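The values are calculated or read from the model by the stated rules, or taken from the named source; none is laboratory data. Every value quoted in this text rests on a predicted model; they were computed, and no experiment measured them. Cβ placement follows ideal geometry from the backbone for every residue including glycine, while neighbour counts extend to all protein chains displayed.
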Amino acid sequence: MKINHAKLRRKMRGRLSGAAFLAPSFLGAAIFYILPFGVVVYYSLIKSPLVREFVGFENFVNVLNNSSFRMAAANTLKFSAVAVPLAVILAILLALMLECKIPAKSQLRTFFLSPMMVPVASIVLIWQVIFHYNGVLNNFLSIFGYDKIDWFKSDYGQIPIIVLFLWKNLGYNMILFMAALNNMPKGLLEVARVEGAGPVYCFFNIKLRYLSPTVLFVTILSLINSFKVFREVYLLTGAYPYESLYMLQHFMNNAFVNIDYQKLSAAAVLMAAVMVVLIAILFVAENFFGKDVEG
Amino acid sequence: MKRKLLRMTALLLAVLLLVLPLAACSKTENNSAENGTNASESGNKDNSGNKDNKGNAASDDSYKDFVYTAAYQKLTTDEEIQNLDQLTYANGRLYMIAWMVTGKVTEYYDEDWNLITDEEKIANGEYVEKYEYDQTEPALCSANPDGSDFKRLENFEQTSIPEGSQGSSYINSLCVDGSGNIWVYEEMYAWHYDENGTYFDDGNQYLIRKLDETGATLVTVDLSQIYGEQQYFYVNNFLVDASGMLYITGGEENGVYVVDETGAMLCTVPLENGSINQLVRLKDGTVAAMYYSEGAGSYVLSRIDTAAKAFGDDLPVPGNIYYLINGGGDYDYYYNDGYSLYGYQIETETATQLVNWINSDINSDELQSIIPLDDGRIIGISTSWKNDRTNVEVVTLTKADPSTIPEKEILTFACMWLNYDVRAKIIEFNKASDRYRINVVDYSTFNTEDDYTAGQTKLTTEIISGKVPDILATSGLPINRYIARGLLEDLKPYIESDPELGTDAIVPGALRALEVNGGIYQAASSFYIETVIGAEKIVGDKMGWTVSDLKAALAKMPEGAMAFCDTTRDNLLFYICSMNQSNYVDWETGKCDFNNEEFIQLLEFVKTFPAEINYDDNYEYVSLYKQIMEGKVMLANTTVADFDEFRVYKQVFGGDITFVGFPTSSGSGSIAQFSDGLAISSTCANKDAAWSFVRYLFTEEYQTEDHYGWRFPTNQKAFDQMVAQAMEKQMGTDENGNEVEVSHGSWWIDDGIEVEMYAATQEDVDQIVELINNASGASAFDQDIYDIIAEEAQAFFEGQKTAQDVAAIIQSRASIYVNEQR
């Protein structure tokens, strides 16, 4: 077989110039993401920053045996398991609602998007006013004869936080779904209607299939945002909140303050591993449900 | 061709994208005027005297760039000088106000501290106290920069007192002008008594005089035109600018008076809001005022604009600097932050470090009147206390060639503010050691107004990254956290193997209180005990009691009596938490037990106290002593640091007293607090060298020096000496000439009531020793747990929740905290 050297050279040149153009981005990603993560993994495998002796998985075992870590992990999982599906489902419903011919559609869209622009400190203030033991909600409930609920210091603690999470994130998720719905081929829906398909059938068998990449994206985004809720919880309840609000980030933040870098690194690596597994599952699910609609 | 051009352009853009972000990482020229100095970026920035040490790496030799060699010279004079002040430099000579010792004064006092003037009584020994001190008078003097040829200015004569009057005149301050003339500010007070002994004020004079280099008066400026009818006049500051105009602040007016050398008032420059701290002459000869601006909420420096009769624009001043030194040479002004001397250039807003005092083995606390000369030398006055005498010397500092400074191994010392004693010891160690030297990094200099914990965060971050200081001053640092992370070295083996010390050399109670999990992680020289005192007949004779016992004792008091005086809930909660935390938290198992009846009772007891004490106009202060004597207060919350004060309470309580402590379910209820502390890091490469420095805190020699301990020493021999001194009887004679024990002082309790202090008895000493031996250490107290308790308890105190609900929340939060640490 005759080897086309010129073609080979062109191909190599192409790959090299491609690599050269990718290099700055890759370097940036390496310096700011990959390298620091490598350092975290390194710290999770040594005894301490002072005595850098390799101890294997001892730090991981210590973390998994720590009852506070287990509590934090359970709370975080519980929160994500409730908040993320709600964020996706409610966003889809809102998008469908705004897709219909209703009055004040534009104003409603703005209304749902505006919570994104509110600073965290203001949100925290408002939530304290509403959910404080002597706050607006308890005063309202007492009119109907209900006892006061200590929202932030009882087992009901996750409720105001889930409400806060949904209030903040629904708007953006809704916009993503609205964009996806706009991009759907209208012809297919018309044909389905002509063929006698009802709105429910159209939604589950056509629209949802086409929305599956967006559902995956919004789910991942919501999952990431569900971890960021630590910021508001920390401002509302401090470094050591009541049991129900104690999240993984509390554990890690406190470990940093207490100079327990090993615990912090091990917990971070464990959390990253769980995230990778979850996202992998989501990708597989999306692949399965959306294979008909993707190229 | 087009394609090639496209590729080249794309490549160029890619390279730019890569290179441009790196350009932001450059150091600015302003920050490194002289070999790695710190910088004040734009005026009022935080004082960063130690940033140039760059985190104290053991091999960092940059400290050598700021080393000056010091030559100390005693002034060549037969007269005894007690102090030097107002040092200035002109005409190649030093000019100063020297306080010359003219004689000794001996005063005699009776038992009521009245001065005895009857010579016969004195001769007969009919006095209780004899007090000797030096009599001094100020003199205007000059000397060569090396201290030689010290003399009084031969032609200077102080303003004479008018005939027929008695009085005195003093030179209070001096400065020089651009022509080398000396200006002095003098106050003269004159008075007389008539035949009936009535006092008459013959008028005061406030003068500024211009002198030549021999002290002869060239001009006298009478300041009466300034103070006029003001009842109280004094000159705070005065300076002369390059053109010979006088700038004066003082009296009742707020502003600057500008006067020419004939005394004619040129103008006044008023200051609306604020108070003038200082006048300073800048390099260009103009005079600026440093004042506190209430509007800005900080100190401000402004040139005095005599034409506009106003203060000029604000000039940059580094943050936390309140005193400036006149400018000259390359710098508009200089300042000393206690660690280093800096020169400041206003135009570039750059501070340049010139001298690092500790690295130059100079104790800046002993240094005053610093004058940087144009040739780069620095002159000042060093005043130290040695051998019971004040030692005054002129110091000349010359920049050392870094290559001549001997190589030594560096021990880094981290602190949150360096106190006088430790600074002096570091300098002493550096001078004495041929092999090691200690470099100081004060992390409190990194704190800002917005973040007062920035210094501690920086230290923590450096520790995590492996840059651990060798020695740490424990005050202000989370030592318990460091101990838990294994960052600190256990000093017990060092104490035990030390030839001079050994564990027997330390007071047992102090040693026990210093212990954390069986180890000793800091050395400390002194301690005191926080406790509660009550009358034995009310509280019993045992140390330690519970809340129930306290309530039972309170029931024995007259109706309306309080347990404590002027104590808020927060105060009491803090003390009780300090004592009791270990009863509710088991660090071994990670279990907390706040959900029990005892803790709930404790909360209910604390709730009976007021949230705050109302110190309004209706508040009438009545001393604790009086309230106890009147039966209105049962207990005294106090600190015990000697063998005297607690005996006052015997008188106040009207009988024997008991150190009953704060209510607790176990222990004595008293806590030992250590005032200073030094620790060695577990990663220190030269632990023996570090111990050779740190050990001084435990030594008898240090603890018996006069360094204002005012607490119990930790060294057993020093403690025994303190006991011996307390038990030593002071003898005097009574009216019949018999030798009797006299008191060595008295304590004021209330109007007309004083307690005379006599020598302590063995019983008194035993009671104190028992208190010390039973006190718990402060290490048992965790601030984070206290914060959780205090935060949640508020809801109960304000009546919003029950004690049970609050206890449950505390249990939850504290459990999380405790389990996190395991």
Report summary line: From the option list A:284, A:293, single residue qualifying as in a loop (DSSP other than H, G, I, E, B) and either touching a Phe, Trp or Tyr at 6+ places or on another chain (Cβ under 6 Å) or at pLDDT below 90 (or both) is A:293
Query raised in the report: Counting residues that are surrounded by fewer than 18 Cβ atoms within 10 Å (Cβ to Cβ) and modelled with pLDDT under 85, which strands (runs of 3 or more DSSP E) fully inside the range B:283-340 reach at least 1?
Result: B:287-293, B:298-305
Requested in this report: Please tell me if residue A:67 is more than 16 Å from the chain's Cα centre (by Cα) and at pLDDT below 95.
Outcome: yes
**Report entry** Test set (1) touching a strand residue (DSSP E or B) at 6+ places or on another chain (Cβ under 9 Å); (2) more than 14 Å from every other protein chain (Cβ to nearest Cβ); (3) assigned to a helix (DSSP H, G or I) - residue B:441 fails condition number
**Finding:** (3)
**Report entry** Yes/no for residue B:85 being closer than 30 Å to residue B:140 by Cα, in a strand (DSSP E or B) and charged (D, E, K, R)
**Finding:** yes
Report task. Being surrounded by fewer than 20 Cβ atoms within 10 Å (Cβ to Cβ) and not aliphatic (A, V, I, L, M) is the filter; apply it to the range A:61-79 and report the residue that is nearest to the other protein chains (Cβ to nearest Cβ). Result -> A:67
Query raised in the report: Within the range A:177-194, which residues are farther than 25 Å from residue A:217 by Cα and of a type in the set (Lys, Arg)?
Result: A:193
Requested in this report: Sort out which residues of the range B:617-628 are within 16 Å of residue B:532 (Cα to Cα) and either more than 32 Å from the chain's Cα centre (by Cα) or of a type in the set (Ser, Thr, Tyr) (or both), and write them in order of number.
Outcome: B:625, B:627, B:628
Requested in this report: May I ask you to verify whether residue A:226 is of a type in the set (S, T, N, Q), part of a helix (DSSP H, G or I) and within 30 Å of residue B:792 (Cα to Cα)?
Outcome: yes
Query - Qualifying position, being assigned to a helix (DSSP H, G or I) and within 14 Å of chain B (Cβ to nearest Cβ), among A:88, A:51, A:39, A:84 - result: A:39
Query raised in the report: Within the range B:763-819, can you find the residues that are within 9 Å of chain A (Cβ to nearest Cβ), of a type outside the set (A, V, I, L, M, F, W, C) and within 24 Å of residue B:474 (Cα to Cα)?
Result: B:784, B:787, B:817
Report task. Answer yes or no as to whether residue B:64 is within 30 Å of residue B:406 (Cβ to Cβ) and not in a strand (DSSP E or B). Result -> yes
**Report entry** Residue pairs meeting the criteria (Cβ under 8 Å; at least 6 apart or on separate chains; first touching a residue at least 60 places away in the same chain (Cβ under 8 Å), in the range B:655-676; second surrounded by fewer than 24 Cβ atoms within 10 Å (Cβ to Cβ) and basic (Lys, Arg))
**Finding:** B:655/B:537; B:656/B:537; B:656/B:650; B:657/B:650; B:658/B:542; B:660/B:542; B:675/B:711
Query - Lone qualifier among B:225, B:231 - being outside any loop (DSSP other than H, G, I, E, B) and at pLDDT below 85 - result: B:225
Query raised in the report: Of the conditions (1) part of a helix (DSSP H, G or I); (2) buried (at least 17 other Cβ atoms within 10 Å of the Cβ), residue B:493 fails just one. Which one is it?
Result: (2)
Report summary line: All conditions in (1) over 26 Å from the mean Cα position of the chain (by Cα); (2) at pLDDT 90 or above; (3) of a type in the set (S, T, N, Q) are true of residue B:404 except (2)
Query raised in the report: Which strands (runs of 3 or more DSSP E) sit wholly inside the range B:661-743 and have at least 2 residues that are at pLDDT below 85?
Result: B:730-733, B:739-742
Requested in this report: Give the residues of the range B:448-506 that are among the β-branched types (Val, Ile, Thr), in contact with a strand residue (DSSP E or B) (Cβ under 9 Å, 6 or more places away or on another chain) and within 14 Å of chain A (Cβ to nearest Cβ), sorted by residue number.
Outcome: B:463, B:468, B:479, B:483
Requested in this report: Just give me the residues in the range B:700-719 being of a type outside the set (Ser, Thr, Tyr) and either buried (at least 17 other Cβ atoms within 10 Å of the Cβ) or not assigned by TED's automatic domain parsing to the domain that holds residue B:509 (or both), in sequence order.
Outcome: B:700, B:703, B:709, B:711, B:712, B:713, B:715, B:716, B:718, B:719
